[in-house]
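Participant: Questions regarding the structure given below will be posed in turn.
The values are calculated or read from the model by the stated rules, or taken from the named source; none is laboratory data. Keep in mind it's a predicted model, so treat the numbers as computed, not measured. Cβ coordinates were reconstructed from backbone atoms using ideal geometry, including for glycine residues, and neighbour counts include every protein chain displayed. SASA here: full protein model, heavy atoms, side chains in, ligands and nucleic acids out. Shrake-Rupley method; radii C 1.70, N 1.55, O 1.52, S 1.80 Å.
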Amino acid sequence: MKRIVRQGMLALAAIVFLNSTAVMAQDSEITDKDLYNFALMMQVIEQMKAEISPAIQKIIEKQEGFDTKRYSELESAGDDEAKLKELGANDFEVQFMGLIIKEKEEKIDAIKEALNLLAKSMVGVQNYKTIKQTLSVDPELKAKYEKISTRIAPADTGA
C-alpha cells in the first residue's frame, strides 16, 4: 500500500516538475498539452492499478492453508460472510477474505486519491471530465490520445 502511494506520489512529483506551467481551461477546447498531461496521468494510474493483483497475490502466498485457487473460488463473494459460507468457506477463510478485500479496497482508495490529485494538478477537474467524455465519442481525439499514450508508455521490462 505504502509502495503504491509512494510510487504514485513520486510519479506525480516528476510529472508536475515536467509540466510546471499552469494548465488553463480554454472554453472546453482540448489542447495538445492537456491531452498529453491526461495521457501521463492515465499512465500513472494504470501502473498503480497493475500493482494491485501482485500485492494481493503476495498476501495470499504468505498465508499458509490458503492459495490462489481458493481465493478464486471465494472471490465472487467478496467479504460477505453469508455468501462465503454458502461457498463452503470456513471461519478462517471468511476472516482472511475480509482482510484481503480490505487491503484491495485500501489500494483502490489510494488510486482514487491519486487520480483526484493528478486530475486537479495536471489538467484541471473540468478538463479531465471533458477529455474523458470526448474520448468516448470523438474517434479523431481518441486516435491522437492513443498515439500519445503509445509514445509515452513505459518500456516493457518483462518483469
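Participant: Among (1) under 26 Å from Pro154 (Cα atoms); (2) open to solvent by 80 Å² or more (accessible area, probe 1.4 Å), there is one condition Ala55 misses while meeting the rest; what is its number?
Facilitator: In the conditions (1) under 26 Å from Pro154 (Cα atoms); (2) open to solvent by 80 Å² or more (accessible area, probe 1.4 Å), Ala55 misses (2) alone.
Participant: Could you pull out the residue among Glu146, Glu93, Glu103 that is in a helix (DSSP H, G or I), surrounded by fewer than 17 Cβ atoms within 10 Å (Cβ to Cβ) and in contact (Cβ under 8 Å) with a residue 24 or more places away in the chain?
Facilitator: Glu103
Participant: Scan region 46-58 and report the pairs whose first residue is on the phi > 0 side of the Ramachandran plot and whose second residue is open to solvent by 20 Å² or more (accessible area, probe 1.4 Å), with Cβ atoms within less than 8 Å and a gap of 6+ or a chain change.
Facilitator: The qualifying pairs do not exist here.
Participant: With the requirement that a residue be open to solvent by 80 Å² or more (accessible area, probe 1.4 Å) and either over 13 Å from the mean Cα position of the chain (by Cα) or of a type outside the set (Lys, Arg) (or both), what does region 34-52 give you?
Facilitator: Of everything in region 34-52, those that are open to solvent by 80 Å² or more (accessible area, probe 1.4 Å) and either over 13 Å from the mean Cα position of the chain (by Cα) or of a type outside the set (Lys, Arg) (or both) turn out to be Glu46, Gln47.
Participant: Separate question: Show the residue pairs meeting these rules: Cβ distance below 7 Å; 6+ apart or different chains; first residue within region 115-128 and on the phi > 0 side of the Ramachandran plot and small (Gly, Ala, Ser); second residue surrounded by 12 or more Cβ atoms within 10 Å (Cβ to Cβ) and not in a helix (DSSP H, G or I).
Facilitator: Gly124/Val23; Gly124/Ala25
Participant: Just need a number here: residues in region 118-138 that are assigned to a helix (DSSP H, G or I) and open to solvent by less than 100 Å² (accessible area, probe 1.4 Å). Walk me through how you get there before you give the answer.
Facilitator: Residues of region 118-138 that are assigned to a helix (DSSP H, G or I), as a first pass: 118-123, 125-137.
Right, trim to open to solvent by less than 100 Å² (accessible area, probe 1.4 Å) and you get 118-119, 121-123, 125, 127-128, 130-131, 134-136.
Count: 13.
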